[in-house]
Amino acid sequence: MTQTEHRTAVAAAETRGSDAPRPSRRRRRRILLVAVAAGFAILALIALVLGGDIFNPSATAEPEHSMTAVQIIPLVILVGMFVVATKWPLNIGVMGLVASFGVGYFMLGMTDKQILEEFPASIVLTIIGVTYFFSMAQRNGTIDIIVQSCVRLVRGKTMLLPWVFFLIAAALTSLGTFSPAAVALLAPAAIGFAYESRIHPVLMGAFIINGAHAGGFSPLSVAGVLVHDIALKNGFPVSQGALFIASFAINLILSVLTIVLFALLGKLRDGEGGQHADVDTARPTRPRGQQILTLALIAVMLVCTLGFHMPIGFVALSAGLLLALVNIKEHRTFIGGISWSTVLLVAGMITYVSLLQHVGVIDTLAEQALALGAPLLVALVLCYVIGVGSAFASSTALLTAFIPLAGPLLATSSLSASGTVAALAIAATVVDVSPFSTDGALVVANARENDRQRVYRQLMAYAGGVVLVAPALAWVLLVPTGIM
């Protein structure tokens, strides 16, 4: 899912930044900015020259395969936003809201209420509620107790540690924790255990990230709710349970393949990270007070959302408010734990993509994609495009942009809606092992200072392999088989 904060602070500053001179980087950025601005100016000039009816949204209702200026300009703006968000630490959601205003108000003549008709209020509430509650669970030590209890189960069998952290990460995200938040919570302990037990830190980092994504599409998670709601809104409902099972299974397979790869390369044990030390499996601290209450509230949230199908956003906010009342002095710090950057990202991207749908961009792109021929080939191409893009840009943003493209494809073929959407969702998230993403950057950040360059290079190589293999794996298992 939000890359910009951690990516620039960690991946750029600590790994690449020292290798490139500042003047050349600034020059490249200026050239890129000028090129993007020039492209926008040229498209705007073409639109003004053509004039007249091209800015009439009703004209896009005609079933044409070629795109008009009113469709090209918003699409180029979307591509420009991804380029800018990749190069600079700017929230693409903020850009999406500003672009929604510019395109909707000045090009389409829409009012502010019309522009915000598709504002994703329920998804925003889910993000706020879940991150509010779990920020408290992290601060009051409940998450630490869960980690300590699980690590103690290995009883000195160090090669089980990656699987332990895989399951912990999957449990956290399946309960509603964001995958970057789960990785941020677990990476310090997991990478530390990796060095102590001579497990390769890249292997351990891959298992944490895979585990976070394995549980990342549960019916309780923000990503699971997001994908389900977008698909439902576009007329092809998907099974939340099937999406969760598919994500868990493919990430489990990738983890097994990762173990096999590291074994073949002779890197299961790492001799470069420092001296071997025994893993601390001492009895964890027993939960007390707020920690007991937090564990009980997690159980209540499970019952309410899974058993009674209550909205996870309201349930998490209610549980968080109860915890805040117990610890009223620190309530302001709990508010700060809400992932506001993700709120902006999701709200801005969904609002802007709804405008693209309004002017017919999604339908036209889908028609052009269908012109490739076989629907299976189109689905494979979409998986690779979203996978490669997510390695450098926001997975959440790309999901909001690409899932609507599957609508016309599914409407004109016999492909399974759940299988196709699951393949796209998985292809967009498994590549977050890239050090340019938040999850990958957190792994690099938690490596030992004298080992970060090596971890960065090897994680980059591993991420390249994932980008090549994972989209095809998701497509092969989920799309042609019709298993979902």
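The values are calculated or read from the model by the stated rules, or taken from the named source; none is laboratory data. Computed from a predicted structure; not experimentally measured. Methodologically, a virtual Cβ is constructed for each residue, glycine included, from the backbone with ideal geometry; neighbour enumeration extends over all protein chains shown. Side chains included, ligands, DNA and RNA excluded: accessible areas come from the protein's heavy atoms. Shrake-Rupley method; radii C 1.70, N 1.55, O 1.52, S 1.80 Å.
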* Bin width 5 Å, alpha-carbon pairs only: give the P(r) of the range 104-180 as whole percents, running from 0 to the bin holding the largest distance. => 3, 13, 16, 15, 11, 10, 7, 7, 6, 5, 4, 3, 1, 0
* **Long-range amide H partners of I199 with built H, under 5 Å** => D270
* To do: Report the convex hull volume per residue for the range 344-484, counting only C-alpha atoms, in Å³.
  => 104 Å³
* To do: Give, in nm to one decimal, the length gained when the segment between K267 and I253 is fully stretched (0.36 nm per residue of separation minus the Cα-Cα distance).
  => 3.1 nm
* Please give the net charge around P408, taking every other residue with its beta carbon less than 9 angstrom from that of P408, where Lys and Arg add +1 and Asp and Glu add -1. => -2
* Which order do E196, E449 take by accessible area at a 1.4 Å probe, largest first? -> E449, E196
* Asked: What is the local net charge at S179, summed over the other residues whose Cβ is closer than 10 Å to its Cβ (Lys, Arg +1; Asp, Glu -1)?
  -> -2
* To do: Determine one quarter of the surface area of the Cα convex hull of the range 204-244, which equals its mean projected area, and express it in nm² to one decimal.
  => 2.8 nm²
* To do: Starting from the range 295-347, pick out the chymotrypsin sites (Phe, Trp or Tyr not before Pro) whose DSSP state is loop and whose Cβ has at most 13 other Cβ atoms within 10 Å.
  => F308
* For F248, F436, F119, what's the largest-to-smallest order of accessible area, 1.4 Å probe? -> F119, F248, F436
* Asked: In nanometres, what is the gap between the two model label sites at V476 and L160, each 7 Å from Cα along Cα-to-Cβ?
  -> 3.1 nm
* To do: Using only protein heavy atoms and a 1.4 Å probe, report how much of K233 is accessible, in Å² to the nearest 10.
  => 100 Å²
* Asked: Using θ = phi - 60° and the Karplus curve 6.51 cos²θ - 1.76 cosθ + 1.60, what whole-Hz ³J(HN,Hα) does each residue of the range 165-173 get, with Gly and Pro shown as x?
  -> 6, 4, 5, 5, 4, 5, 5, 4, 6
* **Extension reserve of the Y105-N450 stretch, reckoned as 0.36 nm per residue once the Cα distance is removed** => 119.0 nm
